[in-house]
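Colleague: Structure in structure tokens, see below.
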Amino acid sequence: MGLPVEDVVELEQLCATYALKMTQGDIHYIIEHLCTADGTYSAFGETYGLEDWPRLVEAAPKGLFLTGTPVLELDGETGSGEVPLLFIDQTDHHMRMGWYSDTYRRTEDGWRLRTRTMTFLRRHGGADSGRPHDAARPKPAARPG
């Protein structure tokens, strides 16, 4: 049995809008319109809450985010997906490639991104979550345990 077409189209648009707004540098749009209030992004051995995203994006290279169609699994009001990514740095055209692993939640405003985890493909043939030693990348805000 297939997935509900309306949900698939909405989630495809959510992922496409994320890529476009990241390319345009509009992290505030992403936070306000595409994520759940408890949304997180994980990479570089860290998990960042929404309050951390503006500083993280500010420290990151700027460029083009190209994403493919997400592969989705939906279960009522929640879901998960994987989205291929190719990032091209606008200053030197170096590329980073990999995929996002997402979780989604349906809210009263529609489907929203709850978690996004980045996996990078490496030249040596492996895959990992990124370089934790990048000095320009801010640390996540401390959260009460």
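Colleague: If Lys and Arg each add +1 and Asp and Glu each add -1, what is the summed charge of the other residues whose beta carbon sits under 11 Å from the beta carbon of Gly76? Walk me through the numbers before you get to the answer.
Modeller: Details: positive: Arg105, Arg106; negative: Asp7, Asp75, Glu77.
Computed value for this residue: -1.
Colleague: Would you kindly calculate the mean projected area, averaged across all directions, of the convex hull enclosing the Cα atoms of the chain, in square nanometres? Before the final figure, lay out each step's value.
Modeller: Working: hull surface 39.0 nm².
It is 9.8 nm².
Colleague: Where Lys and Arg each count +1 and Asp and Glu each count -1, what net charge lies around Thr115 among other residues with Cβ under 12 Å from its Cβ?
Modeller: Numbers: positive: Arg105, Arg112, Arg114, Arg116; negative: Asp38, Asp102.
Once all neighbours under 12 Å are counted, the net charge is +2.
Colleague: Report, in deg cm²/dmol and to the nearest 500, the calculated mean residue ellipticity at 222 nm for the chain, where each DSSP H run with n ≥ 4 adds -39500 (n - 2.57) and the sum is divided by the residue count.
Modeller: Details: 3 runs with 33 residues, N = 145.
Taking each H run of at least 4 residues, the total per residue is -7000 deg cm²/dmol.
Colleague: Let me ask something additional. Length gain on complete extension for the stretch Glu82 to Gln13, per 0.36 nm per residue less the alpha carbon to alpha carbon distance? Numbers along the way, then the final one.
Modeller: Numbers: separation 69, 0.36 × 69 = 24.84 nm, distance 1.41 nm.
Between Glu82 and Gln13, full extension yields an extra 23.4 nm.
Colleague: So what is the relative contact order of the stretch 5-125, in percent, for Cα pairs below 8 Å that sit 6 or more residues apart?
Modeller: It comes to 25 percent, rounded to a whole number.
Colleague: Once you have the Cα-Cα distance between Ala141 and Glu51, take 0.36 nm times their residue separation minus that, and quote the gain in nm to one decimal. Before the final figure, lay out each step's value.
Modeller: Numbers: separation 90, 0.36 × 90 = 32.40 nm, distance 0.77 nm.
Between Ala141 and Glu51, full extension yields an extra 31.6 nm.
Colleague: Evaluate the charge dipole of the chain about its Cα centre and quote only its size in Debye, nearest 20, assuming +1 on the Cβ of each Lys and Arg and -1 on the Cβ of each Asp and Glu. Walk me through the numbers before you get to the answer.
Modeller: Numbers: 15 positive and 22 negative charges, 141 e Å.
I would put it at about 680 debye.
Readers should treat all values here as calculations from the given coordinates under stated rules, not as data from a laboratory. As the structure is a computational prediction, the values presented were derived from the model and not from experiment. Cβ sites come from the backbone with ideal geometry, for glycine too, and all protein chains shown count toward neighbours.
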